[in-house]
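FYI, it's all coordinate maths here, none of it is from the lab. Values in this document were obtained by computation on a predicted structure and should not be read as measured data. Every residue, glycine as well, gets a Cβ built from its backbone with ideal geometry; the counts of neighbours run over all protein chains shown.
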Amino acid sequence: MKYGPDDKLWVVLDPTSESTKGDILFQASLRELALHFKGGLTMDRNPAIFTDEKEAEIEAYGRLTAMRASQAIAGSTMGSKLQDATRFELLDADGNVLFEADLPYPRS
């Protein structure tokens, strides 16, 4: 499928600590995306382009969730207790595992 400079695509960016879904998920043409870059958007925000809105939305929620989890951990008072963490789990409101990952053990 061919996309021209004015065809709309979905764009997802890495969030900042103040980002909302609307800040990191938006529709833009290639022409409009070029203007975003001229206006200060950089590759540091890891832009991704999607043709499917639902896929873009899933990506955006994943990035927002990862950022919120990182902020919660960094802002916790657990301090040195986290140095021995070996597993991370993300649960829904009912306690069902949504995501789980083994963490690399830190080497001294």
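Taking the helices alone, the chain has a mean residue ellipticity at 222 nm of -10000 deg cm²/dmol, built from -39,500 (n - 2.57) per DSSP H run of at least 4 residues and averaged over all its residues. Cut-off 10 angstrom, C-alpha nodes, Gaussian network model of the chain. Which of Arg87, Arg63, Arg45 fluctuates the most? Most flexible of the set in this elastic network: Arg87. Of all the C-alpha pairs in the range 30-75, what % are more than 14 Å from each other? Pairs farther apart than 14 Å: 64 percent. Here the chain is treated as a sphere whose radius is the Kirkwood value from Cα pairs; by Stokes-Einstein at 25 °C and 0.890 mPa s it diffuses with a coefficient of 150 µm²/s. Residue separation of Phe99 and Gln71 scaled by 0.36 nm, minus their Cα-Cα distance, works out to 8.4 nm of gained length. Projected label points at Asp84 and Thr42, each 7 Å from Cα along the beta carbon direction, are separated by 4.0 nanometres. Springs between Cα atoms under 10 Å define the GNM used for the chain, and in it the highest mean-square fluctuation of Thr86, Thr42, Thr51 occurs at Thr86. Based on C-alpha pairs under 8 angstrom that are at least 6 apart in sequence, the chain has a relative contact order of 24 percent. For the chain, the number of Lys pairs separated by eight or more positions or lying on different chains, with C-alpha atoms closer than 29 Å, is 9.
Taking Leu41, Leu13, Leu64 as the candidate residues, the one with maximal mean-square fluctuation in a Gaussian network model of the chain, Cα springs under 10 Å, is Leu41.
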